[in-house]
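Below is one structure, written out as structure tokens, with a few remarks after it.
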Amino acid sequence: MTTIALFGTSADPPTSGHQNILNWLAQHYDLVVVWASDNPFKEHQTSLKHRTEMLRLAIEEIHQPDKILLKEELSDRKTLITVKKAKKIWGEQAEFTLVIGSDLVKQIVTWYRVEELFAQVKLLIVPRSGYSIKETDLEAISNKEGKYAIATLNAPQVSSTAYRLEGDQQVITPAVQNYITQKHLYSTVTS
């Protein structure tokens, strides 16, 4: 059975942390499918077009790009719809794992038709700095019939927010920084 990791991310902008996660996933799954997504809980995001292009640049720099597929057509505010699109592409026989950061563990049980979502995917929770994984939140997932695992990777302690707020260029790759400069994105941090 083909194992497929589904990783939707705001990637505003994509960082070395995103690259680290993608690289780790490529070592543990047959295929990693990634897309830039609009987070319905965030405002003032850079356009999907720009975030998708920056994500493509970040993927090109990874050692296993052949196992990582950028599929922007999977982007949807409702993850259940994303999963249905993925099943149309790769079939019902594939085993899908939805990758989420530990910052989403508490809220995932409130997502659109979450029981139906949990019936179709396993969860892989990626630890994030500043977002501890609480047993009560894991129990809430289990109570909705969700199956989960916690990733054992040590992602760099970087975030897109650090770049947007502080202009910390060490959290992004040169290719992404060049794109940001060319397109005049995040002007408050790059000027």
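The residues in the stretch 138-163 that are of a type outside the set (A, V, I, L, M, F, W, C), in contact with a helix residue (DSSP H, G or I) (Cβ under 9 Å, 6 or more places away or on another chain), closer than 27 Å to A86 by Cα and surrounded by fewer than 18 Cβ atoms within 10 Å (Cβ to Cβ) can be counted, and the count is 5. The set of residues in the stretch 57-71 being at pLDDT 95 or above and surrounded by fewer than 17 Cβ atoms within 10 Å (Cβ to Cβ) consists of L69, K71.
Against the list (1) at pLDDT below 95; (2) in contact with a Leu (Cβ under 8 Å, 6 or more places away or on another chain); (3) not small (G, A, S), the condition K42 fails is (2).
Going by the structure shown, is D103 in contact (Cβ under 8 Å) with a residue 24 or more places away in the chain, charged (D, E, K, R) and either in a loop (DSSP other than H, G, I, E, B) or buried (at least 19 other Cβ atoms within 10 Å of the Cβ) (or both)? The answer is no for D103.
The values are calculated or read from the model by the stated rules, or taken from the named source; none is laboratory data. Here the structure is a predicted model, which is why all the values come from computation and not from measurement. A quick note on method: Cβ atoms are made from the backbone with ideal geometry, for glycine too, and the neighbour counts reach across all protein chains shown.
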